[in-house]
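The values are calculated or read from the model by the stated rules, or taken from the named source; none is laboratory data. Just so it is clear, the model here is predicted, and its values are computed rather than measured. Here the Cβ positions follow ideal geometry from the backbone for every residue, glycine too, while neighbour counts run over all protein chains shown.
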Amino acid sequence: MSSQTNIQTSETPLGRDDLARLVARDIKPGSFVNLGIGQPTLVSNYLEPEQNITLHTENGMLGMGPEAVGDQIDEDLINAGKIPVTELPGASYFHHADSFAIMRGGHLDICVLGAFQVSATGDLANWHTGAPDAIPAVGGAMDLATGAKDVFVMMTLLTRDGVSKLVEACTYPLTGIGCVTRVYTDKAVFLTGPDGVRVRETFGCTLEELRRLVPVPLEPAP
Amino acid sequence: MSSQTNIQTSETPLGRDDLARLVARDIKPGSFVNLGIGQPTLVSNYLEPEQNITLHTENGMLGMGPEAVGDQIDEDLINAGKIPVTELPGASYFHHADSFAIMRGGHLDICVLGAFQVSATGDLANWHTGAPDAIPAVGGAMDLATGAKDVFVMMTLLTRDGVSKLVEACTYPLTGIGCVTRVYTDKAVFLTGPDGVRVRETFGCTLEELRRLVPVPLEPAP
Amino acid sequence: MLNFIDTVGEAVAGIRDGSTVMIGGFGNAGQPFELIDALLECGATDLTVVNNNAGQGDQGLALLIKEGRVKKMICSFPRQSDSWHFDAKFRAGEIELELVPQGNLAERIRAAGAGIGGFFTPTGYGTMLAEGKETRFLDGKWQVFETPIHADVALIKALKADGKGNLVYRKTARNFGPIMAAAAKHTIAQVAEVLPTGGLDPETVVTPGIYVNSIVKVA
Amino acid sequence: MLNFIDTVGEAVAGIRDGSTVMIGGFGNAGQPFELIDALLECGATDLTVVNNNAGQGDQGLALLIKEGRVKKMICSFPRQSDSWHFDAKFRAGEIELELVPQGNLAERIRAAGAGIGGFFTPTGYGTMLAEGKETRFLDGKWQVFETPIHADVALIKALKADGKGNLVYRKTARNFGPIMAAAAKHTIAQVAEVLPTGGLDPETVVTPGIYVNSIVKVA
């Protein structure tokens, strides 16, 4: 078998939920994790209790539970996306400087973020389109990108116009430099770093087909 | 009456307890105060409940009460001098960085410190004799000297050898520059600052007699 | 000096035109709505406001912005689905924006309270938010020099106060309250409950009373 | 990863020669005596130790120093009436001393845990403890540049832990514990009591479990 077929693990591209399930499975037991707003939030649906994962939310909490429903809703208990959430046993609350010290001090094992673009060397662009009339808003994205031990990105590989978001160099304003270690997309999982991009697995396409979509050199992961 | 006699408020030099009583009386109601190790600790004996003074101890507490006696002694509740103390209603505990943030952030109204020397412009030397065989130990002295809104010094005016500790320029290693605002001694109360030394009151001597003891220009306080 | 004040109006009466005002809260959690409404009513203008966001919907900070009282916002996340008043002022060039990564915002506020004159952080290095800022290679990383954010006044919301002004908060409504209380010259806290001195366990106090100047109970 | 460990000996077994070890405590309050005794017994040497003091009497850190295991002390207040073991080693030139104003010590430890590469502080400006250090005029004052103190291991003492490693302390024994736990790569906490997960009120947790690696109950 050629390396192209070796690493194709699914006949079809992955849907958002399948991708979230995959990310969840890749998180080591006992990890402390921050899930960004949007698609990354789905990951929490697929974490198994046996994994003993502790979720951090930037607005001052470790031990965040699932989204609150019905009577659980408490306006004093929200996540970074301002959605009401719940508290798990063993949770703790702290103020904003202490919360960001956790992020910036390198204490989170993983953060999972959405992205506009990721470069071959792991640069991340996920906060600003750079459009002249856009009102920029950065929130905690730069702190997470720079502070977590591993930064996983979840995104569709292509824009709606069919352009790869994995790029040689980001054209959108940067969030952080060389910070992304893995990129989970509907078509493949990429490992990024100073040595370039390795493809761990592909979904619904071969490595050769993937190479035609992505404008950076791709090698299979060892 | 000449200015010399105007400001003499006591026939005799003040003892340590009378001096502590005077300092206590000068602390504004509602103040947050840190009392240094040694002579300054005596001030706490003369604070009146109506003054509503809150004492800070650098090792992580506001609302420190009097020294513990008998059954009150608790090895987890000590002051900066490692003496067992008590807790008053309305106290709070915090870690060392938070405790020094209180000191360094300019939140203490007054700290009262002992000194080896104070200069005419308020430089303080109180942590190191500079002797070549001395083992230096600084503790929180520099943080207090630099951080408190007002730094009061309590000391005898003269060394055992009869040399003034209020000097033109400190010869001992400095704790802080231009930080002392008042110097309470057995023979006089001095106000120090960028404009030189003013004498608020004298004890057991006239201003003229004081001028013969102290090698810096002295003017009565306005 | 600590004062217990009867109404939010009296509590904010001393806030002057041109002041820098920190306002606690992340989203609605910990947002001192009643104090903000009183600030709107008292008429102070030309304000620099420090908050994580730049107002949401038609309430609180959003109204202060709508009424043109805010000259400058220092925040991390102004653009939200319901930040229309800020958006309109910004596009009209009628409000200045200092956009700060949220962790830098928190750390710069903390630095002001702790007497730190400036610090280096990796956050933002190589991005447009660090343009023109001093950089230095420290601890194996490029870092950016950031300075403290001081304020004249902080408006915060806590759960309970005791007679000494000690505060405790509730869940994620704690957020910016403790660090803003320490960073401002004058801190005004609205609380749901005032306990007698000794009513809070000293081990659980989050904001020591030394950081609090005015307390007003809001039902 | 968090581990609950049965004995102090197993807890410190991984500490290697040449490590930087932070030890909590101010005077005897918060001093993890049992962990220090175990460190002495495990034989690790050539250590750099960070503690407010440099040992007192004939116990704990003082014995570690007496036995020649400490290459360097980073502390604010080495000289005490009963610091005879440190005094002897220091006068014999057998131990290195980095003397740090106590607030700089606390803030440098905090900076390490918070990912700050360095900061400016007025403390120590113009004194011999700032000699050779970079200075800068900021916020109307001359300030000195100080750098973080990182550590391989922290040995701390807390009152209670829960199943997630969250810690609470007791009175002034809290002191350096929380900031050292955050600054070290590996934090070992001795506690008087271990509660099940959920046994601590989330509002009152002082050290979140993310900062704790090993917990050993000491009777």
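Quick one: how many residues across the range C:112-131 are without any contact (Cβ under 8 Å) to a residue 60 or more places away in the chain, on the phi < 0 side of the Ramachandran plot and not in a loop (DSSP other than H, G, I, E, B)?
Filtering the range C:112-131 down to residues without any contact (Cβ under 8 Å) to a residue 60 or more places away in the chain leaves C:115-131.
Now restrict to residues that are on the phi < 0 side of the Ramachandran plot: C:116-117, C:119-123, C:125, C:127-131.
Pick out the ones that are also not in a loop (DSSP other than H, G, I, E, B) and you get C:119-121, C:128-130.
Qualifying residue count, the range C:112-131: 6.
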Given the residues D:ALA182, D:ALA154, which is the only one that is of a type outside the set (Val, Ile, Thr) and either more than 9 Å from chain A (Cβ to nearest Cβ) or part of a loop (DSSP other than H, G, I, E, B) (or both)? D:ALA154
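Kindly indicate which of B:GLY63, B:GLY38, B:GLY90, B:GLY15 is on the phi > 0 side of the Ramachandran plot and surrounded by fewer than 17 Cβ atoms within 10 Å (Cβ to Cβ). Lay out the reasoning, then the answer.
Numbers: B:GLY63 fails: surrounded by fewer than 17 Cβ atoms within 10 Å (Cβ to Cβ); B:GLY90 fails: surrounded by fewer than 17 Cβ atoms within 10 Å (Cβ to Cβ); B:GLY15 fails: on the phi > 0 side of the Ramachandran plot.
Among B:GLY63, B:GLY38, B:GLY90, B:GLY15, only B:GLY38 is on the phi > 0 side of the Ramachandran plot and surrounded by fewer than 17 Cβ atoms within 10 Å (Cβ to Cβ).
Do we find that A:ASP17 is out of contact with any Cys (no Cβ under 7 Å at 6 or more places or on another chain), outside any loop (DSSP other than H, G, I, E, B), more than 14 Å from every other protein chain (Cβ to nearest Cβ) and free of Cβ contacts under 8 Å to residues at least 12 places away in the same chain in this structure?
Numbers: out of contact with any Cys (no Cβ under 7 Å at 6 or more places or on another chain): yes; outside any loop (DSSP other than H, G, I, E, B): yes; more than 14 Å from every other protein chain (Cβ to nearest Cβ): yes; free of Cβ contacts under 8 Å to residues at least 12 places away in the same chain: no.
No, not satisfied.
Which one is farthest from C:ARG16 (Cα to Cα), of the residues in the range C:132-151 that are of a type outside the set (A, V, I, L, M, F, W, C) and outside any strand (DSSP E or B)?
Going residue by residue through the range C:132-151, those that are of a type outside the set (A, V, I, L, M, F, W, C) are C:132-136, C:139-141, C:143, C:146-148, C:150.
Narrowing further to those that are outside any strand (DSSP E or B): C:132-134, C:139-140, C:147-148, C:150.
Values: C:GLY132: 32, C:LYS133: 31, C:GLU134: 33, C:ASP139: 43, C:GLY140: 45, C:THR147: 24, C:PRO148: 22, C:HIS150: 16 Å.
Per the stated criteria, the residue is C:GLY140.
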Being more than 12 Å from the chain's Cα centre (by Cα), over 22 Å from C:GLY163 (Cα atoms) and at pLDDT 95 or above is the filter here; which residues of the range C:15-41 pass it? C:ILE15, C:ARG16, C:ASP17, C:GLY18, C:SER19, C:ALA29, C:PHE33, C:ASP37, C:ALA38, C:LEU39, C:LEU40, C:GLU41
Looking at the range A:76-87 only, could you name the residues that are surrounded by 24 or more Cβ atoms within 10 Å (Cβ to Cβ) and in a strand (DSSP E or B)? A:ILE78, A:VAL85
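Take A:VAL153 and decide whether it is closer than 18 Å to A:LEU35 by Cβ and free of Cβ contacts under 8 Å to residues at least 40 places away in the same chain.
Values: closer than 18 Å to A:LEU35 by Cβ: yes; free of Cβ contacts under 8 Å to residues at least 40 places away in the same chain: no.
No.
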Of all residues being facing another protein chain (nearest Cβ under 7 Å) and closer than 19 Å to C:ILE109 by Cα in the range C:123-146, which is surrounded by the fewest Cβ atoms within 10 Å (Cβ to Cβ)? Just the residue, please. C:LEU129
Hey, any hits in the range A:131-141 for a residue that's more than 8 Å from every other protein chain (Cβ to nearest Cβ) and within 16 Å of the chain's Cα centre (by Cα)? no
If a residue must be within 11 Å of chain B (Cβ to nearest Cβ) and touching an Asp or Glu at 6+ places or on another chain (Cβ under 9 Å), how many such residues does the range C:185-209 contain? 13
Residue check, D:ALA219 against (1) within 11 Å of chain A (Cβ to nearest Cβ); (2) at pLDDT below 95, all met but one. Which one? (1)
